[in-house]
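What follows is a set of notes on a single structure, which appears directly below.
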Amino acid sequence: MGKTDEFKKTRESQNKTVMKYAGLNMKRFWSLDGQVYAPGALPVKTKELLGLVASLVLRCDDCIMYHTIRCYEEGTSSAEFEETVSIGLAVGGSITIPHIRRAMTAWDELQNKMK
């Protein structure tokens, strides 16, 4: 099992545990988080690319991994992924480079699944 598969499995398990104990406010936030990425004026792929940029700038490795996987699932090309990551680098600066390394490694793993 690759890192991306392991991440998805762990995230799903952890989310179940969170929801086991979640009160109304936490459940509402979880719902809102899911709803903003639903199809709307912007396509889902665009929303996931935006989520990736925000996650890079905030330097959240879990969020970066999540959005990297979702970008792959939404059919993002490697060129689109690289341009998006470049925006994150331009906005976030060199502090994002270690996070970009991990994102690109995850992207490469996902690309190699296709082969």
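Values as computed for the structure displayed
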| quantity | calculated |
| --- | --- |
| Two-decimal Rg to Rh for the stretch 34-100 - Kirkwood Rh, Cα set | 0.95 |
| Virtual spin-label span in nm between ILE95 and ALA79, 7 Å along Cα→Cβ | 3.3 |
| Cα-based Rg and Dmax for the stretch 1-67, where Dmax is the largest Cα-Cα distance (Å) | 13.3, 36 |
| Simple Cβ-charge dipole of the stretch 32-91, Lys/Arg +1 and Asp/Glu -1, about Cα centre, in debye nearest 20 | 140 |
| log10 of Debye I(q)/I(0), alpha-carbon scatterers only, for the chain at 0.10, 0.16, 0.18, 0.19 Å⁻¹ | -0.31, -0.79, -0.97, -1.06 |
| Charge-dipole axis of the chain as Lys and Arg at +1 and Asp and Glu at -1 on Cβ define it, positive-most pick from SER94, THR17, HIS67 | THR17 |
| ³J(HN,Hα), Karplus 6.51/-1.76/1.60, whole Hz, each residue of the stretch 60-74, x for Gly, Pro | 9, 4, 4, 5, 4, 5, 4, 6, 4, 4, 5, 4, 4, 5, 8 |
| Rounded to the nearest 20 debye, dipole of the chain from Cβ charges on Lys, Arg, Asp, Glu | 460 |
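Rule-based calculations on the coordinates, nothing more; no lab input. This structure is a prediction, so every number in the text was calculated from the model and none was measured. With ideal geometry, Cβ positions are generated from the backbone for all residues, glycine too; neighbour counts draw on all protein chains shown.
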